[in-house]
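Here is the structure we will look at, set down as structure tokens.
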Amino acid sequence: MKIIKKAIKWIVVVFFASTILAVMALRFLPVYFTPLMFIRCSQQISEGKDLKLKHHWVSLDKISPSLPMAVMASEDAKFLQHHGFDFQAIEKAAKRNSKHPEKRKLGASTISQQTAKNVFLWPGRSWVRKGFEVYFTALIELMWSKERIMEVYLNSIEMGDGIYGAQAVAEEHFNTDALNLTKAQCALIAATLPNPRKFSSKNPSGYMYKRQARIMREMKYVDKLSDK
């Protein structure tokens, strides 16, 4: 029993030390690969498909200022006010899911939570993974600035089949750089984020254009990162 307790103690110490150091390091270092990228590549290989991975890290000042505003309007309007979790949105989602269990589950993940999931974790809906998501979200909110969280988010999020980050989607879908994306293009990209493998910013449907218009309206009420 002493050996088991000692082993558990060291596992806990190593876990906390390694994760804290990793979060501290990624406060400054670019995130070139994420677990989801490896998983998608493995799926492509196992299915006999051509390997596709488009990802080019760029700093936040090389991304159109409209893109952070668009993703906040679409995904997390209170990003600049909360500390990682939007408890009002969580409560609203829980009530709606409880009242209408037959409908698709309504999520309430913030941009901070999505960043933590994309960079440090695997896709899934288990309570174990959710617990790790809460832990890493708290760490990045504590150690990173909002600008850094947004920078990592916009560089690591899936924005199409095999496409990750603002620069890659700008090149692949709009034949331009992330910095030169227009407000309309940014809103269209944000409109795909609920399911970027289903919805395309390159070949948008009528539904996508409706989402784009709504996001562009709501962008007027979102604070800029530079204002905080």
Counting only protein chains, not ligands or nucleic acids, how are MET37, MET1, MET69 ordered by accessible area (probe 1.4 Å), most first? MET1, MET69, MET37
For GLN43 and LEU142 in one chain, what is 0.36 nm times their gap in residues minus the Cα-Cα distance, to one decimal in nm? 32.2 nm
List the residues whose amide H sits under 5 Å from the amide H of LYS54, counting only those 5 or more places along or on another chain, with H placed 1.01 Å from N in the peptide plane. ILE163, TYR164
Just how large is the dipole of the chain about the Cα centre, in debye to the nearest 20, putting +1 at every Lys and Arg Cβ and -1 at every Asp and Glu Cβ? 960
Calculate one ³J(HN,Hα) per residue across the range 155-171 by plugging θ = phi - 60° into the Karplus curve 6.51 cos²θ - 1.76 cosθ + 1.60, and present them in order as whole Hz with x for glycine and proline. 9, 10, 6, 6, 10, x, 5, x, 10, 10, x, 5, 5, 5, 5, 5, 5
Which of PHE33, PHE28, PHE79, PHE16 is most accessible, then next, and so on - probe 1.4 Å: PHE28, PHE33, PHE16, PHE79
GNM of the chain, Cα pairs under 10 angstrom: of ASN155, ASN180, ASN195, the biggest fluctuation goes to ASN195
In nm, spacing of pseudo-spin labels at SER126 and ARG214 (7 Å Cα→C-beta vector): 3.4
Please tell me which of these pairs span more than 21 angstrom C-alpha to C-alpha: LYS95/LYS117; LYS198/LYS220; LYS183/LYS210? LYS95/LYS117; LYS198/LYS220
Whenever you get a sec, compute what percent of the accessible area on the chain sits on carbon and sulfur atoms (1.4 Å probe). 60
HN-Hα J in Hz across the range 41-48 - Karplus 6.51, -1.76, 1.60, θ = phi - 60°, x for Gly and Pro: 5, 4, 5, 4, 5, 5, 8, x
Given backbone amide H placed at 1.01 Å from N, residues whose amide H is under 5 Å from that of THR110, ignoring those fewer than 5 places away on the same chain, are ASP86
Between TYR32 and ALA184, how many nm apart are label points set 7 Å from Cα along the C-beta direction? 3.8
Listed candidates (i) 33; (ii) 46; (iii) 29 - label of the one calculated as percent of Cα pairs over 28 Å apart: (i)
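Cβ neighbours within 10 Å, averaged per peptide: list 172-179, 8-15 in order, most packed at the top.
172-179, 8-15
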In whole Hz, what ³J(HN,Hα) sequence does the range 200-215 give by Karplus (6.51, -1.76, 1.60; θ = phi - 60°), x for Gly and Pro? 10, 7, 8, 10, x, 8, x, 4, 5, 5, 5, 5, 4, 5, 5, 5
Highest average packing first - 44-51, 186-193, Cβ atoms within 10 Å: 186-193, 44-51
For PHE15 and LYS2, compute 0.36 nm times the residue count separating them, minus their Cα-Cα distance, and round to one decimal in nm. 2.7 nm
Find which of VAL31, TRP127, ALA17 sits farthest along the positive direction of the dipole of the chain, computed with +1 on the beta-carbon of Lys and Arg, -1 on that of Asp and Glu, about the Cα centre. TRP127
Cross-link partners among lysines for LYS92, C-alpha distance below 20 Å, same-chain residues fewer than 8 apart left out? LYS78, LYS103, LYS105, LYS130
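Counting Lys +1, Arg +1, Asp -1, Glu -1, what net charge surrounds LEU36 among other residues with beta carbon under 14 Å of its beta carbon?
+3
The values are calculated or read from the model by the stated rules, or taken from the named source; none is laboratory data. Note that the coordinates shown come from a computational prediction; the quantities given were computed from them, not determined experimentally. Counting neighbours? That spans all protein chains shown, and the Cβs are built from the backbone with ideal geometry, glycine included. Keep in mind that these areas ignore ligands, DNA and RNA; they rest on the heavy atoms of the full protein, side chains included. Shrake-Rupley method; radii C 1.70, N 1.55, O 1.52, S 1.80 Å.
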